[in-house]
């Protein structure tokens, strides 16, 4: 199976997490997340650019990596613009025989910050050119997934953002990303490509975002991998062993499981319901409070169980409670 990823640094970490998943049941380390252009990562290889060339934060930066096993070939291309001369060379590779089973694409943060302060017109035109050419190049059986850009902070500290050009717009940048997501997602859908809305999926998980306001931690990237794999399975008609549940169904299952355990009284069930609902509904400013509620709730719950007589504890089925 050939999987290609075309994007910048955030999606490079998506590539790394997928490579890790194919070999080990581990999360990426902070060092691995921050590294770029290294010669090798978890038995992959640097094909082009990166530390083989001059390392820089310019729009001409290149990095091509790939991991190959007996059954998989996963390749990552670092791109800084959705349609450019470099992208045309990648398209030529597709015409020359490189036919991906899955193509994951995202291009936004560089497009709307490094080329033109009035980015809207150029970005739309480049999206049209890219999607139109891609549709005429890839076979119909290739699964193309357009990843919408994950939420960015109102204050950004990133190497890709040239402060002397964009300083006046950094506070507006997070809203520009939302607008760009709308354009790109609408066009990708119009051209018959799958759209994975990572901005929506991570809007309440901002505590997993790095301090630079752009990148994300290992837990977030494992969640991205999960969304990608689930989406691919659904697109290919693969029946999941455990069916997906809606948020409401998941909350109901949690409450039924807790109530059936017989070790938590009604007011504690109500507290747990509040915590679960808050985790889903609250934004970044309330996240820490909600997390603390969860910690204290389960600490109290654990103490209550451990204080029961040994005979009573033995009758508790650990699979029935969280």
Original post:
Within the stretch 23-37, can you find the residues that are loosely packed, with under 14 Cβ neighbours inside 10 Å and touching a strand residue (DSSP E or B) at 6+ places or on another chain (Cβ under 9 Å)?
Top reply: 23
**OP:** Looking for whichever is without any contact (Cβ under 8 Å) to a residue 60 or more places away in the chain and in contact with a helix residue (DSSP H, G or I) (Cβ under 8 Å, 6 or more places away or on another chain) here; the options are 111, 93, 44. Which one fits?
**Re:** 44
Original post:
Tally time: how many residues in the stretch 126-148 are within 26 Å of residue 237 (Cα to Cα) and either crowded, with 20+ Cβ neighbours inside 10 Å or touching a strand residue (DSSP E or B) at 6+ places or on another chain (Cβ under 9 Å) (or both)?
Top reply: 11
Original post:
Among the residues of the stretch 41-76, which ones are part of a loop (DSSP other than H, G, I, E, B) and over 17 Å from residue 11 (Cα atoms)?
Top reply: 43, 53, 54, 55, 56, 58, 60, 69, 70, 71, 72
Original post:
Looking at residue 98, is it surrounded by 13 or more Cβ atoms within 10 Å (Cβ to Cβ) and not in a loop (DSSP other than H, G, I, E, B)?
Top reply: no
Original post:
Looking at this structure, is residue 54 assigned by TED's automatic domain parsing to the domain that holds residue 222, at pLDDT 95 or above and farther than 22 Å from residue 82 by Cα?
Top reply: no
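Let's see how each residue does on (1) at pLDDT below 95; (2) in a helix (DSSP H, G or I); (3) assigned by TED's automatic domain parsing to the domain that holds residue 108; (4) touching a helix residue (DSSP H, G or I) at 6+ places or on another chain (Cβ under 6 Å):
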| site | (1), (2), (3), (4) |
| --- | --- |
| 173 | yes, yes, yes, no |
| 182 | no, yes, yes, no |
| 185 | no, yes, yes, no |
| 207 | no, yes, yes, yes |
**OP:** Mind counting the residues in the stretch 121-153 that are assigned to a loop (DSSP other than H, G, I, E, B), under 29 Å from residue 205 (Cβ atoms) and in contact with a helix residue (DSSP H, G or I) (Cβ under 6 Å, 6 or more places away or on another chain)?
**Re:** 5
Subject >> Scope the stretch 14-33; condition in contact (Cβ under 8 Å) with a residue 12 or more places away in the chain and part of a helix (DSSP H, G or I); matching residues >> reply: 14, 15, 16, 17, 18, 19, 20, 21, 30, 32, 33
Original post:
Do we find that residue 126 is over 23 Å from residue 215 (Cα atoms) and over 23 Å from the mean Cα position of the chain (by Cα) in this structure?
Top reply: yes
Original post:
Does the stretch 221-231 contain at least one residue that is within 19 Å of the chain's Cα centre (by Cα), modelled with pLDDT of 90 or more and either assigned to a loop (DSSP other than H, G, I, E, B) or closer than 26 Å to residue 132 by Cβ (or both)?
Top reply: yes
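The values are calculated or read from the model by the stated rules, or taken from the named source; none is laboratory data. Here the structure is a predicted model, which is why all the values come from computation and not from measurement. Here the Cβ is made from the backbone with ideal geometry for all residues, glycine too, and neighbour counts use every protein chain on show.
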